[in-house]
Every structure is written in structure tokens, then in C-alpha cells.
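A.B. asks: Below is one structure. I have some questions about it.
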Amino acid sequence: MQYNVGMYGGSFDPLHIGHIDMIIKAAAMCKKLYIVLSFSRKRDSVPMEIRYRWIKNSFKHMDNIEIILLEDNANSKDEYDKGSSCGTRIANDNVNTNIIDSGIDSYFYWEQGRDYVLETIGSPIDVVFCGSDYKGTNRYEELYKCEVIYVDRDIVSVSSTKIRSNPFKYWDYIPKICRSYYTKKILIIGGESTGKTTLTQNLALHYNTNFLEEVGREVCENAGAEELMVVEDFYEILLRHKTKELEVIKDSNKLLFIDTDALTTKFYINFLLDKNKNNGKALADAIANINTFDLIFFLEPTVKFVQDGTRSEVIKEDREKYSIQIKKLFEEHGLDFISVTGDYEERYTSVINKIKECYNI
């Protein structure tokens, strides 16, 4: 059956393949389908702006879908369901949104939400799509006075609540567009010739995911040698590394392994440059301040130093001293790290064991 106007509402916190399946089917049944994205700054786990783009970009190929934003100030889902008071509506030129304050009237949030949705749409709703958990309540029938189609949630045995509790357990139910939000970023750092690059790549192989290689090696080779690098080389390293991270994480599988970061680059700015270093260090600090990592592993200089033609003989002579300098930069930024010692096999095994301890994968 073809309906003129349909509505499907939810918090989509997060969006999952059950939602996507229902939206596809509902859109096929309606000339116009409105997705009502309910959100609350007080209780949502994923910011509305992120959820909005998940839905928008998932269905940008379907012209008959439009998103309406509906905000409330309830402290809990239970409060939202049981009551509230006066509401205040706000709209802007880009999106439709409604802010509803808390109070005491029975189902006030629901009723004010309905009024705002109908006012925004500007025409009667012919059909509402909702989860089967509302079947028998007559909630939507009473509010919208239209046909209600219930979605059997057993068809896709997942819920947003389950995903929030353990995203990795329900990874296959999370759409690709949403996965980067839950991907854990694991940073591998240390002094020169401590096996960072090899370990990063081996861990990515082990977990069937991506790694972010350091940019510094390529830039250094282009310069000819470490001692010939200028501050602009470090601008390039810092900016390219951050940009690549934003791209690589989109296609990662639960984990993203990162070789080196802005603070390590700051160490090299200070170590290699005699002049014009302050701007480079300022940029390194700025990027470090926006970087986030879920685990940081520091590789101690307990393996043999290997000279590959780009490494410093000065650092080779006192590896412990320069390792301490790198650690100090992380400590100054309030970043905790896990020291990793032993040979290459012991390092590989200990990192895997720690990841399993933290994320059960």
C-alpha cells in the first residue's frame, strides 16, 4: 500500500541496521517519510549532530526522506514517558527542532512532540511506523489518529541499548557509517629503533584492521637527512598525520593502530631545529590538545638499535635519556601510557593481552 505521509521516530542512539531496514521499507511505502530524530542533551550518549549526519548521509540517495529534530529536557526516558510541563519551540533556517522543558502533565512530552511534528509537516500523517514494544499501548493511535505499522524487533535481534553496552559484541549490526565513532584508537610511541612501525603493522594484521603509518620518515627522506629538515617539514608531518587519521579511521575494524603522534613530533622539532622551532612546537601542542587515544603503548629501548640511514647516532648513544624526554611530554599533557619492554615477540604478545583485557577482543 502507498501512503502519502509517513513518520518513523526514535533516538537512533546509535543508528543500527534494524533502523536502516525499517527506514528503507517505510520509505518504499510512502510518498514522503519523515524521520523524527528525538534527542536530549541530558541523556544521549551520541551527540545529535553525529546521529543527524548518520541518517542524512545514509539516505541522501532517497529524495522522499526528510529529518525533523525534536529535543526535550527530560532527565530520563522514564520521565519522558510519564510526564512534563510547558514547552518552548525553536526553529532555525537549516533544521526543524523543538525544545521541551520538564514538568508534570501526563505524556506532555509525547503530546507536545506530536503537535510540533504535525505543525512542521503541515499536513496529516497517514501512517506511523514504530517498534513492536509499543504494540498494545495504543500510544501512537491515540496521538496521531492514523494507521500504525509495528516493526517486529525480533527480525533484527539488536537494540541501541545493547550496542551502547558493548559495541564490539554487536559490531556487525553497526552500519559502516557509524563505526568510526566506536573505533578505539591505539597509539604506539617510543624512541628511535624501538620497533614502533613493525609492531603497529603486525597488530593491524592481527586484528584485521588499519594502521596509520608515520609521515615523518617520508618527509625526512625528501629532505635528505634529519639534520637538513626545516620547520616547514614538521608542519607537513603534523598536518598530514592528523588528516590521514581522520580518513583511515572511517574504514577501520574496531581498532585503529597509530604509529607516532604530535608530541613525538614535538620532541624531534626540539631535538633537530636550531631556529624557528617555536611555531612548530605550538602547532604540535595544538594538535596534541585535540588528539584522543584510548590506549597508549610506550616501547622502551630494550631491543637492538638498527641504523636504517635516517636515524640519529646521537640518540643511539643515549637512548634512555631521549626516551625519558618523550615520556615527559606525555606526562606534561596528562596522558597515561603503558610501558612495553622485552624482545619483539614479548612486546607483541603483551600488547595483545592488554587489548584483550580492556576490550575482550
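A.B. asks: When you check Leu329 against the structure, is it open to solvent by 40 Å² or more (accessible area, probe 1.4 Å), closer than 24 Å to Glu218 by Cβ and part of a helix (DSSP H, G or I), yes or no?
C.D. replies: no
A.B. asks: Whether any residue in the range 208-216 is in contact (Cβ under 8 Å) with a residue 60 or more places away in the chain and touching a strand residue (DSSP E or B) at 6+ places or on another chain (Cβ under 8 Å) is what I want to check.
C.D. replies: no
A.B. asks: Have a look at Ser350, Ser339 and point out the one that is open to solvent by 40 Å² or more (accessible area, probe 1.4 Å), assigned to a strand (DSSP E or B), without any contact (Cβ under 8 Å) to a residue 60 or more places away in the chain and of a type in the set (Ser, Thr, Tyr).
C.D. replies: Exactly one of Ser350, Ser339 is open to solvent by 40 Å² or more (accessible area, probe 1.4 Å), assigned to a strand (DSSP E or B), without any contact (Cβ under 8 Å) to a residue 60 or more places away in the chain and of a type in the set (Ser, Thr, Tyr), namely Ser339.
A.B. asks: Working carefully through the options Ile258, Ile287, find the one that is among the β-branched types (Val, Ile, Thr) and in a helix (DSSP H, G or I).
C.D. replies: Just a single option satisfies the conditions, and that option is Ile287.
A.B. asks: Scan the range 124-156 residue by residue and report those that are part of a loop (DSSP other than H, G, I, E, B), farther than 15 Å from Ile23 by Cβ and under 33 Å from the mean Cα position of the chain (by Cα).
C.D. replies: Within the range 124-156, Asp152, Asp154 meet the criteria.
A.B. asks: Among the residues of the range 261-278, count how many are assigned to a helix (DSSP H, G or I) and of a type outside the set (Ser, Thr, Tyr).
C.D. replies: 10
A.B. asks: Under the condition of being without any contact (Cβ under 8 Å) to a residue 24 or more places away in the chain and in contact with an Asp or Glu (Cβ under 7 Å, 6 or more places away or on another chain), which residue from the range 114-146 is least open to solvent (accessible area, probe 1.4 Å)?
C.D. replies: This residue is Cys146.
A.B. asks: Condition (residue is outside any helix (DSSP H, G or I) and open to solvent by 10 Å² or more (accessible area, probe 1.4 Å)) applied to the range 240-248: is it met by at least one residue?
C.D. replies: For the range 240-248, residues outside any helix (DSSP H, G or I) and open to solvent by 10 Å² or more (accessible area, probe 1.4 Å): absent.
A.B. asks: Follow-up. Pairs under 6 Å by beta carbon, first residue over 18 Å from Leu212 (Cβ atoms) in the range 230-248, partner part of a helix (DSSP H, G or I) and open to solvent by less than 70 Å² (accessible area, probe 1.4 Å), six or more apart or different chains?
C.D. replies: Note: pairs meeting the criteria are Val231/Gly280; Asp233/Val219; Asp233/Ala223.
A.B. asks: Restricting the search to the range 210-229, which residues are within 34 Å of the chain's Cα centre (by Cα) and within 23 Å of Val314 (Cα to Cα)?
C.D. replies: Glu214, Val215, Gly216, Arg217, Glu218, Val219, Cys220, Glu221, Asn222
A.B. asks: Go through Asp308, Asp294, Asp274, Asp318 for me and flag whichever is within 17 Å of Lys184 (Cα to Cα) and surrounded by fewer than 19 Cβ atoms within 10 Å (Cβ to Cβ).
C.D. replies: Answer to the check: Asp294.
So that you can scan it fast, the table gives a plain yes or no per residue for (1) within 24 Å of Lys328 (Cβ to Cβ); (2) of a type in the set (S, T, N, Q); (3) at pLDDT 95 or above:
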{"residue": "Gly216", "(1), (2), (3)": "yes, no, no"}
{"residue": "Asp233", "(1), (2), (3)": "yes, no, yes"}
{"residue": "Leu238", "(1), (2), (3)": "yes, no, yes"}
{"residue": "Ile249", "(1), (2), (3)": "no, no, yes"}
{"residue": "Ile269", "(1), (2), (3)": "yes, no, yes"}
{"residue": "Asn276", "(1), (2), (3)": "yes, yes, no"}
{"residue": "Gln307", "(1), (2), (3)": "no, yes, no"}
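A.B. asks: A further question follows. For Glu357, indicate whether it is within 25 Å of Asn166 (Cα to Cα), open to solvent by 60 Å² or more (accessible area, probe 1.4 Å) and either in a helix (DSSP H, G or I) or of a type in the set (Asp, Glu) (or both).
C.D. replies: yes
A.B. asks: Continuing with the same structure: Condition first: over 23 Å from the mean Cα position of the chain (by Cα) and β-branched (Val, Ile, Thr). Now tell me which residues in the range 259-294 satisfy that.
C.D. replies: Selection gives Thr264, Thr265, Ile269.
A.B. asks: With respect to Tyr109, is the statement that it is of a type in the set (Ser, Thr, Tyr), more than 13 Å from Met7 (Cβ to Cβ) and either assigned to a loop (DSSP other than H, G, I, E, B) or more than 23 Å from the chain's Cα centre (by Cα) (or both) true?
C.D. replies: yes
A.B. asks: Could you count how many residues in the range 308-344 are among the polar types (S, T, N, Q) and more than 21 Å from Asn270 (Cα to Cα)?
C.D. replies: 2
The values are calculated or read from the model by the stated rules, or taken from the named source; none is laboratory data. Everything numeric here is computed off the predicted structure, so don't read it as measured data. Cβ coordinates were reconstructed from backbone atoms using ideal geometry, including for glycine residues, and neighbour counts include every protein chain displayed. For the accessible areas, the whole protein counts, side chains as well, though only heavy atoms, and no ligand, DNA or RNA atoms are used. Shrake-Rupley method; radii C 1.70, N 1.55, O 1.52, S 1.80 Å.
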